[in-house]
Amino acid sequence: MTDSIVAAQAAELIHAGFANYHARFRAITQRAQRRFETRDWSAATADAVERIELYDTCIAGLAAPLEALLGERLRERALWHGIHAAYSRAIANLLDQELYKTWYNTLTRRYFKTRGVDADIEFVALDIEPTDRITHPVARHSYAVWSNLARVCQAILDDYPFAAAYAHAGLCAIRIAEAISRRLESWGSDPVRAIELMQTVFYREQRAYLVGRVFGAERITPLLIALVHEPGGIRADAVLTEREHVAQAFGYTRSYFHADLATVGDAVVFLRTLLPSKPIDELYTVLGRAKQGKTERYRHFFRHLERDPDEQFVHADGERGMVMLVFTLPSYPLVFKLIRDRFAFPKESVREEVMGKYRLVFHHDRAGRLVDAQEFRFLRFPQRRFAPALLAEILAECRESAYVDGSDLVIAHSYVERRLRPLNLYLREVDAEAARRAILDYGQAIRDLARSNVFPGDLLLKNFGITRNGRAIFYDYDELCFVHECRFRALPDDEGDGASGGDAWYVGPNDVFPQQFPRFLGLNDDLRAALLSKHEEIFDVRWWLQLQQRMAKGERIDVPPYPASACLDTVALLGQSLD
């Protein structure tokens, strides 16, 4: 066969490989509705893990036929240049062509062990915004509102039927209407003129979401209606209209949605109208397209990097990590984390164990309290872009993660995540009331993680960060473990084992003493008192033991992904009607 024929066949094979992946991705995603209708939460969790692993599974499945076709020419650059051209033609008119390009790049980077980028055989295009050319509108329902908003909300629920019944659809409609009216009352009388909702229902953990926006005479705001399925039936649980709350629901501390989208780019365009400040990479990622999220993060970061050729990477603010070396570009909200070659005492982990912790977080429910860290390999930067002290430390202590190649530094392995302000620094910088709010949310973060079966391991303030919205997020994963793996114990005096008299007292590697937590936090008296007043239970061994018992019985403990202020009040509306 001629080179052009081989290239065309390879391009078609790669194209078909992505189509197969996309079809299998949708098949898993489509199960979400049935899981919600049958309240099969364990199966929903298994689906989430299966879908996360699917990309690598399908790439591996494509390798054998592609290698059989290309044979000894598998790594011939000239041939791949032709495959690139043929593949470009095949996907030129597709709405989601950027997803196809990322799929292609995954293959070339594996075969050629690319360090940095290779524009001859890869799709690069750092200078484009991939959604700018998308004008295809996402499928949606539109509702004009003239007077009775509750009737419109009833029509909305009618347009989203489930195999399971609503517990009281009419009451749900009233609750939704009153919540929207109350929260938008600053817009004036009869503030709502229209509502638009995507036809696709979004599912995550134990909830379903209707996603869209509300139009007033002169304003637009996001709208998120959360549905829960309880033993008595499906009901509306919350209405979110504040952009901050909706952004958190679509944020980098949340697990991925299961939303059955035939195409993704048009959905991303619509979501950006709701959340214009949300980075496009986070939108792709939260829709389950993690590889595309990495591509967009890479594209946007390197475009930013070129704007100021003299700005240097520096150590990230915060205490020096014993396991990870963390650096950042001051003008950009990301950090890069490299695993050190050796860990300082008393850390006993090894590199593989640390990587395992990050994989655990990638697969587990993050409950809005764990950063989604993306794993990058073979990033290439000029050495001059690194502050001298940082470069020296990387070369001295991270030789397994980075090396010099000519005038460049190649980061062979790193985790990249959003930059947060370390909690210990934040508490020193803000006023007393802001510090109090932060420390209370720190306590809530520990609760939320525990209820999702995650124990941070190291509760020191330096291991938590504060988002721009004031939420406490955990980001140091080297000692993270499951709650059910821990052995929560009281201190010796309370165990009655005579240890206080000087007898030997064994402490195992998984032993945890909640009463000791406050002693190591370094809080002033006011903050310590506030934390104990609000979250005293988390320092009581009995709370943790009861939590383990509930989990052992198979109970799934709910962690609402929105504030209590967004929840709907059923009791106050009982007895009302749509009239």
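The values are calculated or read from the model by the stated rules, or taken from the named source; none is laboratory data. Quick caveat, the model's predicted, so the values are computed rather than measured. In this analysis, Cβ positions are derived from the backbone assuming ideal geometry, glycine residues included, and neighbour counts consider all displayed protein chains.
Looking at V323 and the list (1) among the β-branched types (V, I, T); (2) under 22 Å from the mean Cα position of the chain (by Cα); (3) under 28 Å from P382 (Cβ atoms), which single condition is not satisfied?
(2)
Between a residue in region 517-533 that is free of Cβ contacts under 8 Å to residues at least 60 places away in the same chain and any residue that is in a loop (DSSP other than H, G, I, E, B), which pairs come within a Cβ distance under 7 Å, given they are 6 or more apart or on different chains?
If the second residue must be in a loop (DSSP other than H, G, I, E, B), the pairs left are F517/L459.
Do we find a residue being surrounded by fewer than 19 Cβ atoms within 10 Å (Cβ to Cβ), small (G, A, S) and in contact with a Lys or Arg (Cβ under 7 Å, 6 or more places away or on another chain) anywhere in region 39-54?
Checked against the condition, which is being surrounded by fewer than 19 Cβ atoms within 10 Å (Cβ to Cβ), small (G, A, S) and in contact with a Lys or Arg (Cβ under 7 Å, 6 or more places away or on another chain), region 39-54 yields at least one hit.
How many residues are on the phi < 0 side of the Ramachandran plot and modelled with pLDDT under 90 when one looks only at region 566-576?
The total comes to 7.
Restricting to region 318-337, and then to whatever is touching a helix residue (DSSP H, G or I) at 6+ places or on another chain (Cβ under 6 Å) and at pLDDT 95 or above, can you tell me which residue is nearest to L409 (Cα to Cα)?
Of everything passing the filter in region 318-337, F327 is nearest to L409 (Cα to Cα).
Quick check: anything in region 108-120 surrounded by 20 or more Cβ atoms within 10 Å (Cβ to Cβ) and within 29 Å of A32 (Cβ to Cβ)?
Going through region 108-120, the residues surrounded by 20 or more Cβ atoms within 10 Å (Cβ to Cβ) turn out to be 108.
When the remaining residues are screened for being within 29 Å of A32 (Cβ to Cβ), the result is none.
So far as region 108-120 goes, no, none of its residues is surrounded by 20 or more Cβ atoms within 10 Å (Cβ to Cβ) and within 29 Å of A32 (Cβ to Cβ).
Residues being outside any strand (DSSP E or B) and either at pLDDT 95 or above or among the acidic types (D, E) (or both): count how many of those fall in region 302-317.
7
Looking at region 419-452, which of its residues are assigned to a helix (DSSP H, G or I), without any contact (Cβ under 8 Å) to a residue 40 or more places away in the chain and over 30 Å from K294 (Cβ atoms)?
Passing the criteria: R428, E429, E433, A434, R437, A438.
Tell me which residues, restricted to region 39-48, are assigned to a helix (DSSP H, G or I) and farther than 14 Å from V228 by Cβ.
S42, A43, T45, A46, D47, A48
Among the listed residues D494, D478, D558, identify the single one that is closer than 30 Å to L223 by Cβ and either modelled with pLDDT under 90 or surrounded by 19 or more Cβ atoms within 10 Å (Cβ to Cβ) (or both).
Just one listed residue meets the conditions, D558.
Can you pull out the residues in region 251-293 that are under 17 Å from Q97 (Cβ atoms), among the basic types (K, R) and either free of Cβ contacts under 8 Å to residues at least 12 places away in the same chain or assigned to a helix (DSSP H, G or I) (or both)?
K291
Name the residue, out of T108, T102, that is touching a residue at least 60 places away in the same chain (Cβ under 8 Å) and polar (S, T, N, Q).
T102
If Y87 passes every condition in (1) in a helix (DSSP H, G or I); (2) surrounded by fewer than 13 Cβ atoms within 10 Å (Cβ to Cβ); (3) not polar (S, T, N, Q) but one, which one does it miss?
That leaves (2) as the condition not met.
With the requirement that a residue be of a type in the set (K, R) and either under 17 Å from the mean Cα position of the chain (by Cα) or closer than 26 Å to W103 by Cα (or both), what does region 38-59 give you?
Matches in region 38-59: R51 only.
Check every one of the strands (runs of 3 or more DSSP E) wholly within region 374-418 and list those with 2 or more residues that are surrounded by fewer than 16 Cβ atoms within 10 Å (Cβ to Cβ).
The strands (runs of 3 or more DSSP E) meeting that bar are 379-382, 402-405.
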